[in-house]
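Undergrad: Okay, handing you the structure first.
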Amino acid sequence: MIVPHSIAEAGDPLIVQRATNYYDDLFVRLIGDGVSQGSAIERVATAYLDGKPLPVGKKKLTKKERDSLFWSSNVVRECPPESWNVEAMSFALARYLGQEPVAADGLVARVARDAPDALIRAVRYSGLVLNPHSPRLAELDQAASESEAVAELCRVLDLFALAHRDRIAAVEALQARLAELSVFDLLIYASLYAFEVLVPRDFKVKALALPSRVDLELAWDALSDLLAWKLAGASISSLKLTDDIIGRSVARHLRPILFESGTANSSEAVRNLRALHVLMDAQIELNEFTARSADAFCYDDGIRFERRGDRLEIVEVDPAARAAWQNDGRKLERLHGYWFHRAMDTYVEQVASDPAKWAIGRPENSEGNRLAWIRALQAQLRLREAYGVADEVTSASGDTVDLFQGLLSLNLMSVFFQRDFLAAFAERLDASGNWIVALRRLTMDGLREGFQNRLPLTWSDRDSKVANITGWTVTASEPKGNPRMASAILDFWTYDTVAMAERLQRNEPGLQPHLFERPVLKFGATLVQLPWIVGLQNSSSAAINNLRRLGARRGQARDEAQRIEAGLARLLETRGFKTLLNWKPLREVDDPGEVDLIATLGQHLFVIEVKSTFLRRSQREAWLHATTTLRKAGDQLRRKVEAVSLGIASDPELRALLDLTEDRLPTRHHGWIADTSIECDHQRFAGFLKVSVEELLIALRDDRHLLNDPNGLLAGDYVADQSPEADTSPTAWTLYPDGFSAERFIEVIETEAVWDPRDRTHCRPISQ
C-alpha cells in the first residue's frame, strides 16, 4: 500500500497540504472509496496532467512546484510496472522527460527495467529527440544498461541529434553571410525570391500551380523563421523605418537587381540574393527535418524509426494512422469549398438583389471586388456558425472591429495584389521569359500609371493606409466610410515587428504570428506589405487563427464558445430535439462542472462537450491537442454523462426542462466531443466520440452536397464525382431519405457519411 508522506521542509514556500503530499492524499482517498489500485494511480496521474492541485487561497503552484510534488510522491515511487503502461502515466512520464528543473533519482532507470516500452513511448512523446542538452537525456543514457531496447533508442536519438546539429550548423553558417542585412533589407531579398520562385505563372486557371516544387507554406514558414532570426538581433531603432532608410535600402539592394542587372553595381545584391536562396533551402530542410522526421518520430504512431548502421529508416506499422493526417487535410479543403458555396448562396439571396450594396471601387474592378465580397461572406459564415464569432470583435489595440468589414478589407487587399501585382507580373513573365525583366516592366508600368508602387514589396505610412482603406468601410450610416473603423481593421491584421523584437530579445515565451495570419508588417509608423503573401493567402484561415490561435486569451473567447453551443442547440431543435444549455449539476467531490449541451429525442440522450480552438498545421500541434484538450474533454464528459444520467433519474426539475417524465426516460445515452478542429476526428477519448463542429452542422443542415463542388466553381481544387451524369442536387445527396430520426443521425455521424463523396445509394433522393 502506498503511504502518504511529507515533502515540506522548514521555510518551504509550498503552501499545499503542509503535512502530506496532495497526490498521495488523493490516492488514499480513492482507495478508501473502493477504487482499484490501478485506476487510482491513473486518476492521480490525470490530476497531475490537468494541473491539479488547484490553488489554495491566493497561492497558485508553479509548474516546478507541481512537478516536484508529483515526482516525489509515493504514488510514483511505488508505481507497479504495469501502471507505467497506462496512458496517463505514460503522458506524465513524457512530461517529466520534457522538463529540466526537477530530477527524480533513479526514476528513469527503474522504468527502463520494469516497463521499457512505456519509457520508449514517453521518450518519443517528450520531444527529447531535439533537446540533446537536457539532463534527462543523461539519465536515459545511464538507464540504457537496464534494457537493450532502451539502449537502441539512445543510439537512434544520437543519430537524430547529429542530423539536427548538422542542419542547424548549416543554417547558422548561411545566416552569417547575411548578418549585416537589416530586417527591411531581408524582406527585399525575400520578395525578390518570392517572385522568382513562389509566384504562380498562370492566373488564368483556378488551380494555381507553382513554378517549382517548393511548397508555398514551407517557404512562408521558412521566411517567418528568418524574420524572427533578424528581429531577435535587430536594434529597435532600425525597426522604425523612415523614407530615408527605405530609400537607401532600395537603392542598395533592390534597384541593382531590377535596373542594373549584369553590371558591377549589381554584384553585391546578386550575391545576397543567391545567398538567400541557399539559406532558404537550408531553413526549409531544417524545418522539414523537424516536421517530417523529428515530429514524426515523436508523434506519429503509424511509423517507427529503425537504425541501419549510421542511417535511420522509416518503417510503416499502421497505414491507417498515417493516412489520417492526410485525410484531415482533404477534409479542410472540402470545408473551404463548402463555405464558399454557402457564401455564394447568401450572396445571390441577399446581396445581388441590391447591386449598390456591394459596389466598391471602379467599375472595371467589379468582378474582383465581387469575389472579395463573396470570400468575406465565406469567412464570416464559417466564423459565425462554426466558431461562434460575433459580428464585432476586439482588436489587439482594444478597438471594436466590424468582422465583415475586417474580412472584406483583407480580401480586397488580396484581390488588389493578385490582380495588379501577381497576375500582372505573370503576364509580363509570359511575354519576356525572364523574371527580372518582368518585374522591371511591372515597376515601370506602375510609374507610368500615376506613380503607382509595383515593386515586389510595398510600404506606406499608417495614416495614408488608413485613408486608403476608409472607402472600404462605407455603410448606409457611414456613406463616406469610418476612419476609426479602418484604423481598427488595420490593427487587427498588423504584425508589430518592434513588439515582437522586444519580446524575442527578452526571451519571453509567446506565439509568433505566421505571415499569413497578420500580413501587415508594422515598422514604427511605416507599414510594409508583401504582395506575394496577401495575394495568395486564405483569408478564412488567417481570420480563424488570428482570433483562435493568437487571440485565444481574448475576453470574447468564452462568449464565442457559448454561441457555438447555442447554434448547435438551435439546429438540433429544428430536428425535433429538446435541448438544454449550460446545465449545472449539484457540486460533488468529483465535480463534473457545467454541461455545455444536453439534447433528447425519443429514447436518445446526447451530452455534448464543445471545444473551440484553431487550425493546426503540424503533427506536433495535433498531438498536443489530442493529449491535453481532447484527453481532458473525454474525462470531463465521462463525469458529465454520469451527472446528467443521475440528474434525469432523480431531479424532477431537470426532467421538466427536457420535457421528460418518469415513465418516459431516454434509455440510450451518448456523449460526444464537438470540436472546431478537424484533427483526431472520430477518435474516442475516455470512450467518447470526437467529431468536428462543422460535421455536426452539415449533418443537421443536410447539405453535404456543398462539400462536393456541385456547380463546378472550384474545379481543380477538389476532385469529386464530376461525371456528366452525376446528380449533385441536394435531394440526391440527402442523408435522411426516409426522414430525420435520432437513430439515423447517430448512424450518419458514426459512419462519417457526411464526408463520403460517392455515397448516394444509401442516402437516396427523397421522393417528390
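The values are calculated or read from the model by the stated rules, or taken from the named source; none is laboratory data. Values in this document were obtained by computation on a predicted structure and should not be read as measured data. When we count neighbours, we look across all protein chains shown, and the Cβ atoms used for this are built from the backbone with ideal geometry, even at glycine.
Undergrad: When the residues of the stretch 55-95 are narrowed to those that are among the charged types (D, E, K, R) and over 31 Å from the mean Cα position of the chain (by Cα), which ends up farthest from F27 (Cα to Cα)?
TA: Here is the first cut: in the stretch 55-95, the residues among the charged types (D, E, K, R) are 58-60, 63-67, 77-78, 82, 87, 95.
Then keep just the ones that are over 31 Å from the mean Cα position of the chain (by Cα); that gives 58-59, 77-78, 82.
On the way: K58: 25, K59: 23, R77: 13, E78: 12, E82: 17 Å.
Here the residue is K58.
Undergrad: Within the stretch 401-415, which residues are crowded, with 20+ Cβ neighbours inside 10 Å and either part of a helix (DSSP H, G or I) or modelled with pLDDT of 95 or more (or both)?
TA: L403, Q405, G406, L407, L408, S409, L410, N411, L412, M413, S414, V415
Undergrad: So, E82, is that one part of a loop (DSSP other than H, G, I, E, B), under 25 Å from Y22 (Cα atoms), in contact with a helix residue (DSSP H, G or I) (Cβ under 9 Å, 6 or more places away or on another chain) and not aromatic (F, W, Y) or not?
TA: no
Undergrad: Taking A396 as the residue in question, decide whether it is part of a helix (DSSP H, G or I) and either in contact with an Asp or Glu (Cβ under 9 Å, 6 or more places away or on another chain) or at pLDDT below 95 (or both).
TA: Details: part of a helix (DSSP H, G or I): no; either in contact with an Asp or Glu (Cβ under 9 Å, 6 or more places away or on another chain) or at pLDDT below 95 (or both): yes.
Taking the combined requirement at face value, the residue does not satisfy it.
Undergrad: Let me ask something additional. Condition first: touching a helix residue (DSSP H, G or I) at 6+ places or on another chain (Cβ under 6 Å), part of a helix (DSSP H, G or I) and under 20 Å from D225 (Cβ atoms). Can you find one or more residues in the stretch 482-497 that meet it?
TA: Taking every residue of the stretch 482-497 in turn, at least one turns out to be touching a helix residue (DSSP H, G or I) at 6+ places or on another chain (Cβ under 6 Å), part of a helix (DSSP H, G or I) and under 20 Å from D225 (Cβ atoms).
Undergrad: Right, here's the next one. Which of the residues spanning the stretch 601-626 are within 15 Å of the chain's Cα centre (by Cα) and polar (S, T, N, Q)?
TA: Result: S612, T613, S618, Q619.
Undergrad: Right, here's the next one. For the stretch 503-511, check the following and say yes or no: at least one residue is crowded, with 19+ Cβ neighbours inside 10 Å and not basic (K, R).
TA: Scanning the stretch 503-511, I find no residue that is crowded, with 19+ Cβ neighbours inside 10 Å and not basic (K, R), so the answer is no.
Undergrad: Taking the stated definitions as given, is M280 surrounded by 12 or more Cβ atoms within 10 Å (Cβ to Cβ) and either of a type in the set (D, E) or under 30 Å from L181 (Cα atoms) (or both)?
TA: Considered against the rule, which asks whether it is surrounded by 12 or more Cβ atoms within 10 Å (Cβ to Cβ) and either of a type in the set (D, E) or under 30 Å from L181 (Cα atoms) (or both), M280 comes out as yes.
Undergrad: Here's something else I'd like to know. What number of residues within the stretch 216-230 are under 21 Å from P531 (Cβ atoms) and over 19 Å from the mean Cα position of the chain (by Cα)?
TA: Residues flagged as under 21 Å from P531 (Cβ atoms) and over 19 Å from the mean Cα position of the chain (by Cα) within the stretch 216-230 amount to 3.
Undergrad: Would you check which residues across the stretch 498-520 are in a helix (DSSP H, G or I) and acidic (D, E) and list them? Give the derivation first.
TA: Initially, the stretch 498-520 is screened for residues in a helix (DSSP H, G or I), giving 498-505.
Result: E502, single match.
Undergrad: Of the numbered conditions (1) without any contact (Cβ under 8 Å) to a residue 12 or more places away in the chain; (2) small (G, A, S); (3) surrounded by 18 or more Cβ atoms within 10 Å (Cβ to Cβ), S464 fails exactly one; give the number of that condition.
TA: Only one criterion is unmet by S464, namely (3).
Undergrad: Of the conditions (1) under 19 Å from L410 (Cα atoms); (2) touching a residue at least 40 places away in the same chain (Cβ under 8 Å); (3) hydroxyl-bearing (S, T, Y), T470 fails just one. Which one is it?
TA: (2) is the only condition that T470 fails.
Undergrad: Has the stretch 727-734 got at least one residue that is at negative phi, buried (at least 22 other Cβ atoms within 10 Å of the Cβ) and either of a type outside the set (K, R) or at pLDDT 85 or above (or both)?
TA: Yes, there is a match, as at least one residue in the stretch 727-734 is at negative phi, buried (at least 22 other Cβ atoms within 10 Å of the Cβ) and either of a type outside the set (K, R) or at pLDDT 85 or above (or both).
Undergrad: Yes or no: the stretch 403-414 includes at least one residue that is aromatic (F, W, Y) and out of contact with any helix residue (DSSP H, G or I) (no Cβ under 9 Å at 6 or more places or on another chain).
TA: The answer is no; no qualifying residue exists.
To keep it simple, each residue is scored yes or no on (1) outside the structural domain of D215 (by TED's automatic domain parsing); (2) within 30 Å of A161 (Cα to Cα); (3) in a helix (DSSP H, G or I).
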| residue | (1), (2), (3) |
| --- | --- |
| R271 | no, no, yes |
| I284 | no, yes, yes |
| R304 | no, yes, no |
| Q350 | yes, no, yes |
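Undergrad: Taking R620 as meeting all but one of (1) modelled with pLDDT of 90 or more; (2) part of a helix (DSSP H, G or I); (3) surrounded by 15 or more Cβ atoms within 10 Å (Cβ to Cβ), write down the number of the exception.
TA: (1)
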